[in-house]
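This report concerns only the one structure given below.
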Amino acid sequence: MDVLKVTNLSRSFGAIKAVRDVSFALEKGEMLAMIGPNGAGKSTCFNMMMGQLRASSGTVSLHGEDITGLSPRDIWRKGVGRTFQVTATYQSMTVVENIQVALLSHNKRIFSFLPYARSLYRDEALGYLEIVGMREQADRHCAVLAYGDLKRLELAIALCHEPSLLLMDEPTAGMAPKERHELMSLASEIVAQRGISVLFTEHDMDIVFGHAHRVLVLNRGELIASGSVTDIRGNTEVQEIYLGGGTLYKAEGEDASA
C-alpha cells in the first residue's frame, strides 16, 4: 500500500486555478522530488496535503486513510512531519530545548509545562541531535546558529514525532552548495535507516537529480511529467520550461557542448 496517494487534487482562487487535477503516489522509503518554476503550484500542493489549505476538489490519502480536510495538527498526529522554506525554531531557546518542546508536544504534555520542563526528555532530545550531527551544539542558543545548522535542527524537530511521511518544502533554500548536499545526504540516510517516505520541493537541480528516486514536474498547476531522474533529464518539455531548450542538467565529466 502507498504511504501517500494524491488523487485529482485541485485548488482555485477565484478564477485562478493554482493546482489542477494533480495525482501521484509515494512509496515507503522513497524520496520523491516535486519541481517546477515559481508559481507552478508546489507550495499550494504542500499546503493542501498538510491541511493548511483546503482543496477545491480531490483527495489525499495516508496509508489508505482519507485525510483530506483534516487540520494540520490532526494530520501531524497521524504521522506526517514537515519542514519549511524559512526555518521555524524558538530563537530564545537552546538547541536541545527546541527538541524538548517538540517531544513534549509528541507526548501530549505541551499544555502542562512545569518548572522542571527543561529536564524532561533531555536524553531523548540529545539522541535526535546525534542523528543530525548536532549533539555538541545542544546548549547553544538558536539565535547564534549558522543557517545550515538551523536547517539540521528543524529536521531533528520533524523526526521527533516519528513520522512515516516527511514533507520538506525547499529544504536547502538559503544554504551554501556544500551544506545543501550534506543535508540531503543526511536525509537520504535517515530514509534508508528508518523507512520514512519523503516528498520535497527544490529548485537546485543538482540536489534533485543527486538525491531523488523519482521526480514530479509541475507547471501552471498541472503535473506535466513524472518519472525517474533519467526520464526527467531527457524530457524535452521539462527542458523547455527550465532552460528554453537544451540539456536540463550536465552530469560531472560530460562535455557541455555535447
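The values are calculated or read from the model by the stated rules, or taken from the named source; none is laboratory data. What you see is a predicted model, and the numbers here were worked out from it, not measured in a lab. For neighbour counting, all protein chains shown are included, and Cβ atoms are generated from backbone atoms with ideal geometry for every residue, glycine included.
I want to confirm something. Restricting to the stretch 58-83 and keeping residues that are within 28 Å of Ser119 (Cα to Cα) and assigned to a loop (DSSP other than H, G, I, E, B), which single residue is farthest from the chain's Cα centre (by Cα)?
Lys78
Report the residue count in the stretch 219-236 for those that are touching a residue at least 40 places away in the same chain (Cβ under 8 Å), within 18 Å of Glu27 (Cβ to Cβ) and surrounded by fewer than 22 Cβ atoms within 10 Å (Cβ to Cβ).
Looking only at that region, the number is 1.
From the list Leu167, Leu186, Leu216, Leu150, which residue is crowded, with 23+ Cβ neighbours inside 10 Å and either under 12 Å from the mean Cα position of the chain (by Cα) or part of a helix (DSSP H, G or I) (or both)?
Working: Leu186 fails: crowded, with 23+ Cβ neighbours inside 10 Å; Leu216 fails: either under 12 Å from the mean Cα position of the chain (by Cα) or part of a helix (DSSP H, G or I) (or both); Leu150 fails: crowded, with 23+ Cβ neighbours inside 10 Å.
Going through Leu167, Leu186, Leu216, Leu150 in turn, the sole match is Leu167.
Which residues, taken from the stretch 35-57, are of a type in the set (S, T, N, Q) and outside any loop (DSSP other than H, G, I, E, B)?
Within the stretch 35-57, Ser43, Thr44, Asn47, Ser57 qualify.
Among the residues of the stretch 1-34, which ones are closer than 22 Å to Thr172 by Cβ, part of a loop (DSSP other than H, G, I, E, B) and not small (Gly, Ala, Ser)?
If the condition is that a residue be closer than 22 Å to Thr172 by Cβ, part of a loop (DSSP other than H, G, I, E, B) and not small (Gly, Ala, Ser), then Glu30 is the only one that fits.
Of all residues in the stretch 190-208 being in a loop (DSSP other than H, G, I, E, B) and crowded, with 23+ Cβ neighbours inside 10 Å, which is modelled with the highest pLDDT?
Looking at the filtered set, the residue picked out is Ile196.
The conditions are (1) more than 30 Å from Asp206 (Cα to Cα); (2) touching a strand residue (DSSP E or B) at 6+ places or on another chain (Cβ under 6 Å), and Asp74 fails exactly one of them. Which is it?
(2)
Could you tell me whether Ala173 is assigned to a loop (DSSP other than H, G, I, E, B), aliphatic (A, V, I, L, M) and either out of contact with any helix residue (DSSP H, G or I) (no Cβ under 8 Å at 6 or more places or on another chain) or surrounded by fewer than 21 Cβ atoms within 10 Å (Cβ to Cβ) (or both)?
The answer is yes for Ala173.
Exactly one condition in (1) assigned by TED's automatic domain parsing to the domain that holds Met49; (2) in contact with a Leu (Cβ under 9 Å, 6 or more places away or on another chain); (3) without any contact (Cβ under 8 Å) to a residue 40 or more places away in the chain is not met by Ile190; state its number.
(3)
Looking at His203, His161, which one is over 30 Å from Tyr242 (Cβ atoms) and under 15 Å from the mean Cα position of the chain (by Cα)?
His161
Could you say which residue among Val96, Val86, Val3, Val101 is buried (at least 20 other Cβ atoms within 10 Å of the Cβ) and under 23 Å from Val198 (Cβ atoms)?
From the options Val96, Val86, Val3, Val101, the qualifying one is Val3.
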